[in-house]
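The block underneath contains the structure these notes are about, expressed in structure tokens.
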Amino acid sequence: MHIPDGFISPVVAAVTSVASAGFLAICLSRTRENMGLRYAPIMGLTTAFIFAAQMINFPVAGGTSGHLLGGTLAAVILGNPWSASVSIATVLFIQAFLFADGGITALGANIFNMAIVGVWVGWILTQIVQQLLGGSRFRLPLAAGIAGGISVIAAAIGCSLFLIFSGTATATIILPAMVGVHSLIGIGEGLITASILTYLITVRPDLLPGDQPQLKKWLIPVISTLLVAGVLSLFASAWPDGLEKIAEIQGFGELAENVRFSIPTPFADYSIEGFGKIGTSITGILGTVICFGVAFGIVQIGKPNQV
């Protein structure tokens, strides 16, 4: 789902960058207004976990893999879509600039698809489905799982439209292909989202929104997140993700090789030259820590005296 440089036109890149920047400015303002210091650790941990989880590609079909987008999960844990958009955007920024995952020129498009469309479709559908299921908190995992799966398809449609507007692919080919493969990836998204929320509701309700939001017992969630980034990431599927596979089949994958803008980084593709798999673990842990620090800082800087 991460669009690389070269897949979208300069016009689409510019329009999506402006739209995403404007929307994120509103999200930042709302986040700082509504989240006190008690939320800072949860905001940081949520962002760090999404980064770590996105490193793990799971196989779907036809030699294609997918990974968690996490927009719906972040929105439910943080209790609002504003902060979730900031959280996912933080992950995308760090992935693009530090790990060369997603193009710099396509960053606005990626934020629009995953941090805005993915988050807000998932959040709105979660509210609707949960009410249809009776409104019980214990129905939340099912509601969020369904919404999370659909949000992946919505983001895939957004990605397809950007490719169509850029002249990279035709609608009759790219839309069915993207929706088809991401419907399968959406099943994985839904199962992961529902499983994590079931665990949180039954075992760690302090990590979910409440009257006194605070993160108790840091050790287990922090170690778990680091293990996901540093250990489970080593078992990620090597198959290309949905967009990469379709680009390869349709013949526009080579456009990514004509990079229009890049920033040198020693951690490109979540690796360190000469370190092998250990490099993947190091970069995963590094990215996780940075994501936590940035997201934590966003809340801290916003309202230093608010608790």
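Taking segment 95-116 as the range and being of a type outside the set (S, T, N, Q), out of contact with any Ser or Thr (no Cβ under 7 Å at 6 or more places or on another chain) and closer than 21 Å to Ile196 by Cβ as the test, only Met114 passes.
In the condition set (1) outside any helix (DSSP H, G or I); (2) of a type outside the set (Lys, Arg); (3) farther than 30 Å from Ile8 by Cα, Thr168 is compliant with all but (3).
Out of the residues in segment 51-97 meeting the condition of being surrounded by fewer than 21 Cβ atoms within 10 Å (Cβ to Cβ) and aromatic (Phe, Trp, Tyr), tell me which one is farthest from Tyr39 (Cα to Cα). Once the filter is applied, the top-ranked residue is Phe58.
Criterion applied to Ile42, Ile56, Ile50 was being within 18 Å of the chain's Cα centre (by Cα), not small (Gly, Ala, Ser) and not in a helix (DSSP H, G or I), and the one residue passing it is Ile56.
For segment 155-169, the set of residues classified as of a type in the set (A, V, I, L, M) and either crowded, with 20+ Cβ neighbours inside 10 Å or modelled with pLDDT under 95 (or both) consists of Ala155, Ala156, Leu163, Ala169, listed by residue number.
In segment 206-226 there is no residue matching the filter, namely being under 27 Å from Val15 (Cα atoms) and not aliphatic (A, V, I, L, M).
Ile104 meets the conditions (1) surrounded by fewer than 21 Cβ atoms within 10 Å (Cβ to Cβ); (2) within 20 Å of Ala236 (Cα to Cα); (3) β-branched (Val, Ile, Thr) in every case but one. The failed one is (2).
Screening Ala143 with (1) within 21 Å of Lys245 (Cα to Cα); (2) assigned to a helix (DSSP H, G or I); (3) small (Gly, Ala, Ser) gives one miss only, at (1).
Name every residue in segment 115-140 that is in contact with a Leu (Cβ under 9 Å, 6 or more places away or on another chain), more than 23 Å from Phe23 (Cα to Cα) and part of a helix (DSSP H, G or I), in order of residue number. Within segment 115-140, Val129, Gln130, Arg137, Arg139, Leu140 qualify. The residues of segment 170-186 that are surrounded by fewer than 21 Cβ atoms within 10 Å (Cβ to Cβ) and either of a type in the set (Gly, Ala, Ser) or in contact with a strand residue (DSSP E or B) (Cβ under 9 Å, 6 or more places away or on another chain) (or both), listed by number, are Ala171, Ala177, Gly180, Ser183, Leu184. Annotation note: Cβ proximity below 6 Å between a residue of segment 237-257 that is over 20 Å from Val60 (Cα atoms) and a residue that is surrounded by 16 or more Cβ atoms within 10 Å (Cβ to Cβ) and hydroxyl-bearing (Ser, Thr, Tyr) (sequence gap 6+ or interchain) occurs for Phe252/Thr168.
Put simply, of Ala89, Ala84, Ala40, Ala74 the only residue that is at pLDDT below 95, under 23 Å from Thr288 (Cβ atoms) and in contact with a helix residue (DSSP H, G or I) (Cβ under 6 Å, 6 or more places away or on another chain) is Ala40.
The values are calculated or read from the model by the stated rules, or taken from the named source; none is laboratory data. All of these numbers come straight from a predicted model, not from anything done at the bench. A quick note on method: Cβ atoms are made from the backbone with ideal geometry, for glycine too, and the neighbour counts reach across all protein chains shown.
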